[in-house]
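> The following block contains the structure, expressed as structure tokens.
Coordinate-derived values only; no laboratory data. Remember, predicted model here, so these are calculated numbers, not experimental data. Glycine also receives a Cβ, built like all others from the backbone with ideal geometry; neighbour counts cover every protein chain displayed.
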Amino acid sequence: MKKIDIKINETIDDLEFNNLKIIQNKDGFKFGIDSILLSDFAKKIKNNSLVLDIGSGSGIISILLAGKTKAEKIVGIEIQKDVADMAKRSVILNNLEDRIEIINDNIKNIENYFDNNYFDYIVTNPPYQKNNTGLKSEDKKNLISRHEIECTLEDIIQKSFKVLKDKGVLYMVHRPERLVDILCAMRKNRIEPKELRLVYPKISNKPSLVLIKGVKNAKEFLKVQEPLIIYNEDGTYTRELLNIYGK
């Protein structure tokens, strides 16, 4: 393991996949199962592709995709300076500097770094809450991670259209209650929703997440996949979740 500067309030966590690890802030916003599921949903990324990870946070999705795919280059863009710095150190920790680049900036400025029609794929686990809605954490970092303060869903989809190649793919994880907003914004910005999968904690519960695949300038046709169930009724992981975790 390379010698990496680890701060007193940080931990190194084992991702239990291909010996990959990640640095996380003990008191900050930590990755959840939504990032794990999105990286699995997007694992069909073709070899030698260029991938953009919008709102990359700790770098969890970029790092997992580097392990699950043979993408040539994955670029993560993260607005919070200390979070982007933490992600950069995780990239070094995993010896992935040649495949992953972390940019500290707002997605609204992506065209300062890349031309239009540049990326083959985009993945994003964006803030789920509209600004001025829901309960808000007092911690500004968590607030930015959970609420559309620095950029909105519309911003993300608009910029995705600009930097995706024709027939490029956008993969997103979000909340089911925002589904109408997502589908309307996608079609408005010529990213056609092509696949949708609802995620349920248990089969007896309401869905808690939605996974969506959209394709730039594609024809209209939406495939709704079978539900993804996280837990059996006895609280154990389902067989599919164990497969996703590689167990």
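> With only Lys, Arg, Asp and Glu charged, each at its Cβ (+1 for the first two, -1 for the last two), find how big the charge dipole of the range 13-131 is about the Cα centre; round to the nearest 20 debye.
Around 240 debye, computed over the range 13-131.
> Need the full-extension length gain, CYS184 to LYS165, defined as separation in residues times 0.36 nm minus the C-alpha distance. One decimal, nm.
4.8 nm is the gain from fully extending CYS184 to LYS165.
> Sticking with this one: Would you mind getting me the FRET efficiency between THR238 and ASN18? Use the beta-carbon distance for r and R0 = 25 Å, nearest 0.05.
For R0 = 25 Å, the calculated efficiency reads 0.65.
> Can you tell me the equivalent ellipsoid semi-axes for the range 4-139? Use √(5λ) from the Cα gyration tensor, largest first, whole Å.
Each semi-axis is the square root of five times an eigenvalue, giving 22, 19, 15 Å.
> Right, next: How many angstrom lie between the Cα centre of the range 1-39 and the Cα centre of the range 146-208?
Cα centroid of the range 1-39 versus Cα centroid of the range 146-208: 25 Å apart.
> With a sphere of radius 11 Å drawn around the Cβ of GLU195, what net charge do the other residues whose Cβ falls strictly inside it have (Lys, Arg +1; Asp, Glu -1)?
+4
> What is the gain in length, in nm to one decimal, between ASN48 and ALA218 on full extension, counting 0.36 nm per residue of separation less the C-alpha to C-alpha distance?
Full-extension gain reported as 59.0 nm.
> Can you compute the charge dipole magnitude of the range 10-244 about its Cα centre, using +1 on each Lys and Arg Cβ and -1 on each Asp and Glu Cβ, nothing else charged? Give it in debye, rounded to the nearest 20.
For the range 10-244, the charge dipole is close to 720 debye.
> Going down the list LYS159/LYS219; LYS43/LYS162; LYS21/LYS247; LYS88/LYS167; LYS7/LYS68; LYS73/LYS108, which pairs span over 25 Å between their C-alpha atoms?
Going by Cα-Cα distance, LYS88/LYS167; LYS7/LYS68 fall outside the 25 Å limit.
> In addition: Kindly write out, for the range 155-168 in residue order, the coupling ³J(HN,Hα) from the Karplus curve 6.51 cos²θ - 1.76 cosθ + 1.60 (θ = phi - 60°), rounded to whole Hz, with x marking Gly and Pro.
4, 4, 6, 4, 5, 4, 4, 5, 8, 6, 5, 4, 6, x
> Still on this structure: Going toward the positive end of the dipole of the chain, with +1 on Lys and Arg Cβ and -1 on Asp and Glu Cβ, which of ASN48, LEU20, PRO193 do you reach last?
Final value for the positive-end residue is PRO193.
> Specify which labelled value, from (i) 1.02; (ii) 1.08; (iii) 0.94, agrees with Rg/Rh (Cα atoms, Kirkwood Rh) derived from the coordinates of the model shown.
The listed entry that was calculated here is (iii).
> A further question follows. Run the quick spin-label model on TYR113 and ILE6: label points 7 Å from Cα toward the beta carbon, then report their separation in nm to one decimal.
In this crude label model, TYR113 to ILE6 measures out at 2.7 nm.
> Separate question: Would you please give the FRET efficiency between ASN205 and LYS26, computed as 1/(1 + (r/R0)^6) with r the Cβ-Cβ distance and R0 = 25 Å, to the nearest 0.05?
The pair ASN205/LYS26 has a calculated efficiency of 0.25.
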